Amino acid sequence: MHGGRTSRVWKVVSAARTPLIAKLSRQIDSTEMFPNAPDQEWRALIKLCANGVAPAPVAFASNGAVGSVLLLHAADRDAAPDASNLARLLLRIHRIEPWDDLPRLPMTPDAILQDGNAMLRQAGATAWLSGMRPKPPLLPITLDARLIHRDLVPANTAVVDGRHVAIDWQCPSIGDPAEDLAHASSPAMQSLAKGVPRIAARDLVAAYPDRDVRARFRQMEPLYRWRMACYCHLQASRGAAAYEQAVTLECEALEQACRQAHR
């Protein structure tokens, strides 16, 4: 089976003839923006499968030299969500009470821009991208921090018992639900998942039921697009060729978001 950007995935059959998914994750594949924490994924699956937003876990084993293997019940990964399915799944996740040991992410505009600046310093030779840095909104709408997935592109969903659930829970956090919308609709991140139809940001945001989150997303979108472009540029500078086109796609989305913000 195809895995994510940082994991290997196989479909296996147990001795009891039960179809399972085996996922191999390696700490070496972790990045600043998307930490690969298999232990967090295991705990998330245990907590969230009862809420109907994740598949049920079966077993977990970790070996520092090899990586971590996670077994979970098989789910249908061929039924890609549309904008409405994905928006409702995000809302269900955002309404779940987060647990205490999750990383807490900064939500202020300045913190988002500082993240991007730090990535550009690591990448080097980025005057053109620095010049695209958007100005922070003067009075951003404030929201309570919530449970977020951080990487819920359409490819990171599956169907269990006729309902879409989220997979790849290796970096759950407490943070801004508008960030989840930005990452889920990121053209860069969606482009890295081959064979899955893309969902436009305008369609996903229009389908998301919480109007306060929608309003904050529209204010913060330029910042999240710019930071994602910085992340993709950093990955490309490290030799990940697939991210070169991703930078271009995210910059196009950034320019569009900036035009809409100034209307």
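The values are calculated or read from the model by the stated rules, or taken from the named source; none is laboratory data. In this text, all values refer to a predicted model and were calculated from it rather than measured experimentally. Counting neighbours? That spans all protein chains shown, and the Cβs are built from the backbone with ideal geometry, glycine included.
Within region 157-175, take every residue that is among the polar types (S, T, N, Q) and buried (at least 22 other Cβ atoms within 10 Å of the Cβ) and give me the one that is nearest to Asn36 (Cα to Cα). Spell out how you get there, then give the answer.
Going through region 157-175, the residues among the polar types (S, T, N, Q) turn out to be 157, 170, 173.
Now restrict to residues that are buried (at least 22 other Cβ atoms within 10 Å of the Cβ): 157, 170.
Values: Thr157: 17, Gln170: 5 Å.
So the residue we want is Gln170.
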Is it fair to say Ala178 is closer than 21 Å to Glu32 by Cβ and among the small types (Gly, Ala, Ser)? yes
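Within the group Arg146, Arg163, which residue is in contact (Cβ under 8 Å) with a residue 60 or more places away in the chain and among the charged types (D, E, K, R)? Before you say what the answer is, go through the steps one by one.
Details: Arg146 fails: in contact (Cβ under 8 Å) with a residue 60 or more places away in the chain.
Exactly one residue qualifies, and that residue is Arg163.
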Over region 137-150, the set of residues at pLDDT below 95 and either in contact with an Asp or Glu (Cβ under 9 Å, 6 or more places away or on another chain) or not assigned by TED's automatic domain parsing to the domain that holds Arg227 (or both) is Ile141, Leu143
Could you list all residues from region 236-254 that are touching a Ser or Thr at 6+ places or on another chain (Cβ under 8 Å) and either free of Cβ contacts under 8 Å to residues at least 24 places away in the same chain or buried (at least 23 other Cβ atoms within 10 Å of the Cβ) (or both)? Ala246, Glu250, Ala253
Name the helices (runs of 4 or more DSSP H) wholly inside region 151-212 in which the number of residues that are under 28 Å from Ala56 (Cβ atoms), in the same structural domain as Ala229 (by TED's automatic domain parsing) and within 10 Å of the chain's Cα centre (by Cα) is 3 or more. 177-184
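Looking only at strands (runs of 3 or more DSSP E) that lie completely in region 2-69, which have at least 2 residues being modelled with pLDDT under 70? Show your work before the answer.
Working: elements: 7-13, 19-25, 57-63.
Counting at least 2 such residues, we get 7-13.
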